[in-house]
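The values are calculated or read from the model by the stated rules, or taken from the named source; none is laboratory data. Keep in mind that what you see is a predicted model, and the values were worked out from it rather than measured. Neighbour counts are summed over all protein chains in view; Cβ atoms, including those assigned to glycine, are modelled from backbone coordinates with ideal geometry. Heads up: the accessible areas ignore ligands, DNA and RNA and are worked out on the full protein's heavy atoms, side chains in. Shrake-Rupley method; radii C 1.70, N 1.55, O 1.52, S 1.80 Å.
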Amino acid sequence: MGAVRDEKPTEIERETTIHDVVPVPASVEPADGVTFTLTDKSEIRTTAGSASAAAEVGEIAEYLAGLLRPVTAYLLPIRPSTTGSATLPAEGGTGGNIALALTGAEKDLGEEGYVLDVTAGAISLRANAGAGLFRGVQTLRQLLPADLESGTVQPGPWTVPGGRIVDQPRFSYRGIMLDVARHFFAVSDVKRVIELAALYKINYLHLHLTDDQGWRIAVDAWPRLASFGGGSEVGGGPGGHYTKDDYREIVSYASHHFMTVVPEVDLPGHTNAALASYPELNCDGQAPARYTGVDVGFSSLCVEKEVTYRFLDDVFGELAEITPGPYLHIGGDEAKTLTADDYAEIVNRAQEIVGTHGKTVVGWHEVAGAKLTPSTVVQFWGVTPEAPEVLAAAARGNRIIMSPANRAYLDMKYDSTSPIGLTWAGNISVPYAYDWDPLGYLTGLDPAAVLGLESPLWTETVRTIDDIEYLAFPRLAATAELAWSPASTRDWDRFSGRLGAQAPRWAALGVNFYRSPGVPWVVER
Ligand code: IFG
């Protein structure tokens with residue numbers, strides 16, 4: 001059971017500082033008394049070592065300008081620097097310029113690391129790749145006044161506390177999963193999730209596209225999957241589905257936020273929507289009715305029919321074509337009607353099929369009961385520290401994504417006051433969502449096997465974007481910090497202070513967050 005804190009939400013009046021960034025950066029050196037102020041003369045200067053880098057840094061500059069221009073009403077021209085030198089044109093400047101550079105950053109910062117220098121006269125942000133610049137812009141975003149997020153012209157002043165931040169992620173896989181099958185969510189809702197998750201340096205969006213209650217992605221070779229199988233959802237609503245162009249729009253929006261989409265077609269269980277759409281997919285040739293309840297484990301594809309594997313080949317082939325990311329998720333959870341042998345057979349063949357389409361498999365940890373392809377990633381969703389099958393997979397070289405349901409499942413209630421959410425894995429308070437370590441959760445798991453962590457948001461009880469935001473914030477910020485920041489920074493008191501400083505930002509963004517008790521929520525003067 002999560003630690004339930006019943007004290008009233010606390011509020012605190014204070015200025016936010018360089019120490020309020022979430023996830024906490026690896027290194028923060030404040031320059032006391034130094035403040036940068038953006039002015040209407042400020043420019044965004046870009047430096048790149050090559051033409052392709054110039055395009056990438058230009059895209060980030062446009063993104064940053066898009067954040068700043070609407071609320072400052074400053075022109076903020078973007079000036080590509082032709083020198084290409086490591087010395088940034090903004091440095092030493094006094095006009096309040098911001099320099100973005102894909103040159104001069106230490107190589108050991110990797111693709112997502114960055115160095116942010118803020119002096120009285122200039123801001124310089126440098127990285128080795130666009131992803132690093134983008135992550136650095138999220139940090140800069142949090143160092144600017146929360147009014148930045150209001151979307152309308154604000155008086156300012158647009159100050160940034162002086163100092164140096166050198167930062168890079170602890171884990172390379174930092175994900176959120178959105179279940180769009182139990183309840184369908186429009187492209188605009190998915191984009192909102194992407195935008196909010198990007199603020200906390202999340203870099204993977206796992207979309208749970210198919211389940212018993214709905215099939216959400218068009219497949220040309222099997223059109224009834226979406227047209228019929230997409231027409232239901234929990235509670236009997238109309239459901240819906242993404243056309244391939246809708247999916248391409250989501251993928252493109254995610255990639256502009258340096259986020260990779262991981263699509264999931266859950267098998268062999270959680271397949272009632274597909275079985276209801278095509279009688280031939282059922283062992284007895286009879287299509288069940290569409291399902292709008294919340295039971296799990298009752299459905300399965302037909303292991304002994306060859307049509308099943310033609311179906312999977314068509315589905316994964318078409319999905320791979322529109323998925324630039326490396327992963328296809330095959331689900332694998334709760335196939336309660338199958339024998340272990342039948343389960344292993346269909347999972348083995350599904351792995352082979354995904355491999356023929358050039359993608360790497362991710363599966364819920366039950367897939368460890370099959371013969372795993374070495375590259376297959378096992379996603380742990382248990383609630384106990386003992387998982388011998390996961391340790392065995394890790395020992396064979398399979399990588400692990402940590403999603404323990406009693407720590408990372410965003411669809412669990414916070415506490416008894418939560419109007420939505422499930423409780424099967426226990427209530428998850430904000431402190432409980434934060435106070436664990438992805439490497440220490442499973443007894444005996446080799447730390448080198450852990451790719452990262454992901455927060456699943458299942459939507460049996462979740463119908464609107466407001467519901468999503470209520471369950472995800474603040475707990476996604478907690479998981480995002482566990483995924484990005486050094487283990488040495490884990491300290492609830494310090495984190496809860498940083499978390500409290502997000503409140504003015506979430507208010508300006510209109511985020512429907514839960515003012516969890518035990519967090520000193522900042523009220524700005
Ligand atoms: N377990 C099921 C999900 C969903 C979840 C709700 C997994 C991998 C419970 N499988 O989590 O489909 O019903 O919390």
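Would you mind telling me which numbered condition in (1) touching a residue at least 60 places away in the same chain (Cβ under 8 Å); (2) farther than 19 Å from Leu509 by Cβ; (3) in contact with an Asp or Glu (Cβ under 7 Å, 6 or more places away or on another chain) Gly214 fails?
(1)
Residue under question is Arg216, and the condition is that it be within 16 Å of the ligand (Cβ to nearest atom) and either at negative phi or open to solvent by 20 Å² or more (accessible area, probe 1.4 Å) (or both); does it hold?
It is true that Arg216 is within 16 Å of the ligand (Cβ to nearest atom) and either at negative phi or open to solvent by 20 Å² or more (accessible area, probe 1.4 Å) (or both).
Taking the stated definitions as given, is Gly58 modelled with pLDDT under 95 and surrounded by 14 or more Cβ atoms within 10 Å (Cβ to Cβ)?
So Gly58 fails the test.
So Pro268 ticks every box in (1) away from the ligand (no atom under 14 Å from the Cβ); (2) in contact with a helix residue (DSSP H, G or I) (Cβ under 9 Å, 6 or more places away or on another chain) but one. Which box is left unticked?
(1)
Taking the conditions exactly as written (in contact with a strand residue (DSSP E or B) (Cβ under 9 Å, 6 or more places away or on another chain), touching a residue at least 60 places away in the same chain (Cβ under 8 Å) and more than 12 Å from the ligand (Cβ to nearest atom)), does Glu318 satisfy them or not?
The answer is yes for Glu318.
Looking at the range 219-234, which of its residues are surrounded by 20 or more Cβ atoms within 10 Å (Cβ to Cβ), of a type outside the set (Asp, Glu), part of a loop (DSSP other than H, G, I, E, B) and touching a Ser or Thr at 6+ places or on another chain (Cβ under 7 Å)?
Gly229, Ser232
Name the strands (runs of 3 or more DSSP E) wholly within the range 71-123 that hold at least 3 residues that are at pLDDT 95 or above?
Answer list for the range 71-123: 97-101, 114-118.
Please pick out the residue among Asp341, Asp435, Asp411 that is under 29 Å from Tyr514 (Cβ atoms), at pLDDT 95 or above and away from the ligand (no atom under 16 Å from the Cβ).
Going through Asp341, Asp435, Asp411 in turn, the sole match is Asp435.
Among the residues of the range 323-375, how many are among the β-branched types (Val, Ile, Thr), more than 30 Å from Asp245 (Cβ to Cβ) and touching a Gly at 6+ places or on another chain (Cβ under 8 Å)?
Residues in the range 323-375 being among the β-branched types (Val, Ile, Thr), more than 30 Å from Asp245 (Cβ to Cβ) and touching a Gly at 6+ places or on another chain (Cβ under 8 Å): 4 in total.
Looking at Asp167, Asp211, can you tell me which residue is within 16 Å of the ligand (Cβ to nearest atom) and charged (D, E, K, R)?
Residue meeting the stated conditions: Asp211.
Listed here are the residues, each with its yes/no results for (1) over 30 Å from Leu439 (Cα atoms); (2) in contact with a Cys (Cβ under 8 Å, 6 or more places away or on another chain); (3) not aromatic (Phe, Trp, Tyr).
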| site | (1), (2), (3) |
| --- | --- |
| Val166 | no, no, yes |
| Tyr173 | no, no, no |
| Leu178 | no, no, yes |
| Leu196 | no, no, yes |
| Trp215 | yes, no, no |
| Ala226 | yes, no, yes |
| Gly229 | yes, no, yes |
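If you check Thr461 against the conditions, is it surrounded by fewer than 20 Cβ atoms within 10 Å (Cβ to Cβ), in a loop (DSSP other than H, G, I, E, B) and away from the ligand (no atom under 16 Å from the Cβ)?
no
In a helix (DSSP H, G or I) and open to solvent by less than 30 Å² (accessible area, probe 1.4 Å): which single residue out of Arg494, Arg498 fits that description?
Arg498
Take the range 271-287 and flag every residue that is within 34 Å of the chain's Cα centre (by Cα), away from the ligand (no atom under 16 Å from the Cβ) and either at positive phi or not in a helix (DSSP H, G or I) (or both).
The answer is Tyr278, and nothing else.
Could you list, ordered by first residue, the pairs with Cβ atoms under 8 Å in which the first is in the range 277-298 and within 16 Å of Asp266 (Cα to Cα) and touching a residue at least 40 places away in the same chain (Cβ under 8 Å) and the second is within 14 Å of the ligand (Cβ to nearest atom) and not in a loop (DSSP other than H, G, I, E, B), at least 6 apart or interchain?
As it stands, the answer is Tyr291/Asn272; Tyr291/Ala273; Val294/Val234; Phe298/Asn272, since those pairs meet every condition given.
Determine, yes or no, whether Leu312 is assigned to a helix (DSSP H, G or I), under 18 Å from His206 (Cβ atoms) and touching a strand residue (DSSP E or B) at 6+ places or on another chain (Cβ under 8 Å).
No; evaluated as a whole, the condition is false for this residue.
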